[in-house]
Amino acid sequence: MSSKSDFVVVANRLPVDRVVDADGSGSWRRSPGGLVTAVEPLMRKRDGAWIGWAGDATPEGDGPLPPFENDGLSLYPIALTENEIAWYYEGFSNTSLWPLYHDAIVPAEYHREWWTKYVAVNQRFADAAAEIADTDAFVWVHDYQLQLVPKMLRELRPDVRIGYFLHIPFPPTELFTQIPWRRQIVEGLLGADLVGFQTPGAAANFLRLTRDLLQLKPARQSVEVDGRTVRVRAFPISIDAEAFTDLVNSPDVIARAEQIRHDLGNPRRMMLGIDRLDYTKGIDKRLEAFEELLDDGKISSEDVVMVQVATPSRERVEQYRMLREQIERTVGRINGTYGSVGNPAVNYIHRSLPREELVALYLAADIMVVTPYRDGMNLVAKEYVACRQDGTGALVLSEFAGASLELKQAFLVNPYDIEGLKAKYLEVLNADEADLKKRMRAMRRYLQRHDVMHWAQTFVDDMDAARERDGRGSARP
Ligand code: GDG
């Protein structure tokens, strides 16, 4: 493993999970994720390295973890103690920043000790990147857990080029300025050469903040700070559409999709939701609208069946535990009233499923329901479209998901408007097949040209273009 890298990815999590084998020994398993798919080809081309947390706690006082190779990728694990996981990750990242950046759907909490650990852990990531990056390397920092890393890294290594991408929304000034350490966060991000967001609105929010908070003079897609130009732009993330096409054509997956419909009693319409069990995803409203249509007699549970996969997430955070109880109460109530033996109205799964099973569900479902109150992008919406090879199927999509700016032919909804949501369900349930196909074909055409490789390449090209303008030559491999 070479000691220096020309291309360094810095993300909260490594692209592998630690698994303990039957004999008690440990090994690593690749965790399937969009980010690794997107950057893997670039990592392989460019002698890449990935810095991230391995997902488990390291005892206090233990030294740094050794780097290792996995499937040809150089991985540098960052050790976090129980206390750092509780304060940096579950605390500041997931109980302060996550809710605030999602419109404060639940109130954000701020604690000074959480912030202190957030700073300390960001510094650890920055130190590791400074250590590993070759002269003039490209370091690509990801997401809300690591917003201070760009500035910290620039202080240590002014020679490297730094890109930053935020996967979640970026809130307007009015919300962002709640954060007691708001200045440090904006300054942290401005350490990058290129700051990328999912949507133009998020980029505009950030640029406005540099004016309101730091009295800088932002232009349309950049801002000057300390004699440097920081470019600020939207790069909507996507999926590996081709990988989904391969799965959709697998005979096992096709057979499984047929089995699913059969097991559901061959309903006229199957509606599907797939989300991490998160309060931003609007699972509650989606179920309430379904329940009210049953109450009103507008649909029947023999005719229309709902499947909701709610993947366990952040289970040690209080709000997530409360959400789980609320959702499961709602599912229980709907099934108690409208289900029959062997035929629940809502089929609820609270487990992580293999990707093949997910694809079989996408293939089986007539209507995909994606109703977040706020979402950076939402890959599930794009995955569903990628799986509808024959052009059938309908996507109900919240206008508050980044994906709604691209998947314009979806049936757009405001999840706060329950009457509107119900009306949209009915519209889709009774839609004309030809109209559905026209919409789906347009969305599929868009996705084919805008997959995740396109996303990663656009980001890297933007870094390269800026570098050429600076007269530093191309960073292309
Ligand atoms: C964040 C932002 C942004 C879900 N359940 C299972 C499973 N999944 C996969 C889906 C999809 C991914 O997880 C979820 O991605 P989303 O984009 O929908 O949502 P977040 O997790 O909140 O992601 C979001 C994204 O980052 C990327 O920038 O789009 O806005 O919030 O790929 O398929 N995968 C498997 N089993 C499951 O049970 N295998």
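The values are calculated or read from the model by the stated rules, or taken from the named source; none is laboratory data. For clarity, every value in this text was computed on a predicted model and none was experimentally measured. Ideal geometry is used to build each Cβ from the backbone, glycine not excepted, and the neighbour counts take in all protein chains shown. All accessible areas refer to the heavy atoms of the entire protein, side chains included, with ligands and DNA or RNA removed. Shrake-Rupley method; radii C 1.70, N 1.55, O 1.52, S 1.80 Å.
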**Message:** Need the failing condition index for Tyr348 against (1) within 16 Å of the ligand (Cβ to nearest atom); (2) open to solvent by 40 Å² or more (accessible area, probe 1.4 Å); (3) in contact (Cβ under 8 Å) with a residue 60 or more places away in the chain, just the number.
**Reply:** (3)
**Request:** Tell me, yes or no, whether segment 436-450 has at least one residue that is within 23 Å of Asp103 (Cα to Cα), out of contact with any Pro (no Cβ under 9 Å at 6 or more places or on another chain) and open to solvent by 10 Å² or more (accessible area, probe 1.4 Å).
**Result:** no
**Message:** Checking the structure you have, find out if any residue of segment 327-346 is part of a helix (DSSP H, G or I), at pLDDT 95 or above and within 22 Å of the chain's Cα centre (by Cα).
**Reply:** yes
**Request:** Select from segment 376-390 the residues that are of a type in the set (D, E, K, R) and within 7 Å of the ligand (Cβ to nearest atom) and list them in ascending order.
**Result:** Glu383
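Please verify whether segment 221-236 includes one or more residues that are away from the ligand (no atom under 16 Å from the Cβ), in contact (Cβ under 8 Å) with a residue 24 or more places away in the chain, part of a loop (DSSP other than H, G, I, E, B) and open to solvent by less than 40 Å² (accessible area, probe 1.4 Å).
Within segment 221-236, none of the residues are away from the ligand (no atom under 16 Å from the Cβ), in contact (Cβ under 8 Å) with a residue 24 or more places away in the chain, part of a loop (DSSP other than H, G, I, E, B) and open to solvent by less than 40 Å² (accessible area, probe 1.4 Å).
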**Request:** Might you let me know whether segment 401-424 holds any residue that is in contact with a Ser or Thr (Cβ under 8 Å, 6 or more places away or on another chain), among the β-branched types (Val, Ile, Thr), in a helix (DSSP H, G or I) and buried (at least 18 other Cβ atoms within 10 Å of the Cβ)?
**Result:** no
**Item:** Hits in segment 252-278 (condition: open to solvent by less than 20 Å² (accessible area, probe 1.4 Å) and either within 15 Å of the ligand (Cβ to nearest atom) or in the same structural domain as Ala108 (by TED's automatic domain parsing) (or both))
**Value:** Val253, Ile260, Leu272, Gly273, Ile274, Asp275, Leu277, Asp278
**Complete:** Of the conditions (1) open to solvent by 10 Å² or more (accessible area, probe 1.4 Å); (2) more than 16 Å from the ligand (Cβ to nearest atom), the single one that His454 does not satisfy is (2)
**Item:** Residue count, segment 7-38 (criterion: of a type in the set (Phe, Trp, Tyr) and within 23 Å of Asp451 (Cα to Cα))
**Value:** 1
**Message:** Take the residues in segment 237-276 that are among the small types (Gly, Ala, Ser) and outside any helix (DSSP H, G or I); name whichever of them is nearest to Ile168 (Cα to Cα).
**Reply:** Ser238
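Let's see how each residue does on (1) within 16 Å of the ligand (Cβ to nearest atom); (2) closer than 30 Å to Ala255 by Cβ:
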| site | (1), (2) |
| --- | --- |
| Thr337 | no, no |
| Ser340 | no, yes |
| Leu353 | yes, yes |
| Tyr362 | yes, yes |
| Glu399 | yes, no |
| Ile418 | no, no |
**Asked** Can you tell which of Ile162, Ile179, Ile78, Ile85 is crowded, with 17+ Cβ neighbours inside 10 Å and either assigned to a loop (DSSP other than H, G, I, E, B) or not assigned by TED's automatic domain parsing to the domain that holds Pro41 (or both)?
**Response** Ile179
**Asked** Just checking, which of Glu318, Glu328, Glu302, Glu288 is away from the ligand (no atom under 16 Å from the Cβ), surrounded by fewer than 22 Cβ atoms within 10 Å (Cβ to Cβ), under 24 Å from Glu399 (Cβ atoms) and of a type in the set (Asp, Glu)?
**Response** Glu288
